[in-house]
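Just below is one structure, and these are the notes that go with it.
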Amino acid sequence: MPRAGLSPDAVVGLALQIVDDDGPGSLTLAKVAGRAGVATPSLYKHVGSLAALRRAVATVAVRELTAAASAATVGRSGPDAVRALGRAWRDYALAHPGRYAATQIGPDPDDPADAERREAAAESVAVAAAALRAFGLPDDGLVDAVRAARSAIHGFVTLELGGGFRMPQDVDRSFETLLDMVTAGIASLGDAAGPHPHPKEKA
């Protein structure tokens, strides 16, 4: 049955469902039209192209991930904030693997069509940088630390989602070990940057 009240937001919502069900690479206008119960040309009233729809999906996913990270880290600092940030990223990835995958491609810095996605990505980086700021890193060092933390957590999550951890040992415990290592690494960067109050773990 045709779906009444189709709108740009509704089209993006259907695309998000497809991405979560089958992965970002599976997204096509034909699939969205099938879920909406309309002919594919009808979608062009609401979305300009498949590329535009992919950008919209990525933007929504980045904003969701940023909101989860912000809620997890608010009021926290130092090691406590890093651990909360890592857990929020992992939890989002496990709950929404397709959307999480859609967040991993950075927006084109020179493409006007990517302006909204660039803004969302900048907000995401700002939240992560705020979580690491108590370590006393210089601004350029913050970017390095955020990239390193993101890479480590993304690698773990990607292996976990792909069934890469089949040994009987508890995966949650292994993830906490990773967070310990990431936190220690960031702290060492802060120590190398110069004297500053050492962040304390919250009770």
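Going by what's in this entry, would Ala115 be described as assigned by TED's automatic domain parsing to the domain that holds Asp172 and either more than 24 Å from Gly48 (Cβ to Cβ) or within 17 Å of the chain's Cα centre (by Cα) (or both)? No: the conditions fail for Ala115. Is it true that some residue in the stretch 71-94 is part of a helix (DSSP H, G or I), surrounded by 18 or more Cβ atoms within 10 Å (Cβ to Cβ), of a type outside the set (A, V, I, L, M, F, W, C) and not assigned by TED's automatic domain parsing to the domain that holds Val146? There is no residue in the stretch 71-94 that is part of a helix (DSSP H, G or I), surrounded by 18 or more Cβ atoms within 10 Å (Cβ to Cβ), of a type outside the set (A, V, I, L, M, F, W, C) and not assigned by TED's automatic domain parsing to the domain that holds Val146. For the stretch 173-192, the criterion of being exposed (fewer than 12 other Cβ atoms within 10 Å of the Cβ), under 13 Å from the mean Cα position of the chain (by Cα) and either of a type in the set (Gly, Ala, Ser) or at negative phi (or both) is satisfied by no residue at all. It is to be established whether one or more residues within the stretch 158-166 are surrounded by 13 or more Cβ atoms within 10 Å (Cβ to Cβ), among the polar types (S, T, N, Q), in the same structural domain as Thr73 (by TED's automatic domain parsing) and under 29 Å from Asp22 (Cα atoms). Yes, some residue in the stretch 158-166 is surrounded by 13 or more Cβ atoms within 10 Å (Cβ to Cβ), among the polar types (S, T, N, Q), in the same structural domain as Thr73 (by TED's automatic domain parsing) and under 29 Å from Asp22 (Cα atoms). Inside the stretch 135-163, residues that are under 21 Å from Glu123 (Cβ atoms), in contact with a Lys or Arg (Cβ under 9 Å, 6 or more places away or on another chain) and touching a residue at least 60 places away in the same chain (Cβ under 8 Å) make up a count of 2.
Take the residues in the stretch 24-63 that are part of a helix (DSSP H, G or I) and among the β-branched types (Val, Ile, Thr); name whichever of them is farthest from Ile105 (Cα to Cα). In this case the residue turns out to be Thr40. Can you run down the residue pairs with Cβ atoms below 6 Å, 6 or more apart or on separate chains, where the first is in the stretch 30-56 and among the hydroxyl-bearing types (Ser, Thr, Tyr) and the partner is part of a helix (DSSP H, G or I)? From the stretch 30-56, the pairs are Thr40/Leu29; Thr40/Ala30; Thr40/Ala33. Among the residues of the stretch 95-109, just one is among the polar types (S, T, N, Q) and modelled with pLDDT under 90, namely Gln104. Kindly evaluate Asp172 against the criterion of being out of contact with any strand residue (DSSP E or B) (no Cβ under 6 Å at 6 or more places or on another chain), at pLDDT below 90, part of a helix (DSSP H, G or I) and of a type in the set (Asp, Glu). The answer is no for Asp172.
Confirm whether Gly190 is touching a Leu at 6+ places or on another chain (Cβ under 6 Å) and more than 16 Å from Leu85 (Cα to Cα). It is true that Gly190 is touching a Leu at 6+ places or on another chain (Cβ under 6 Å) and more than 16 Å from Leu85 (Cα to Cα).
The values are calculated or read from the model by the stated rules, or taken from the named source; none is laboratory data. Worth saying up front: this structure is predicted, and the values here are computed from it rather than measured. Every residue, glycine among them, receives a Cβ derived from its backbone with ideal geometry; neighbour counts consider all protein chains shown.
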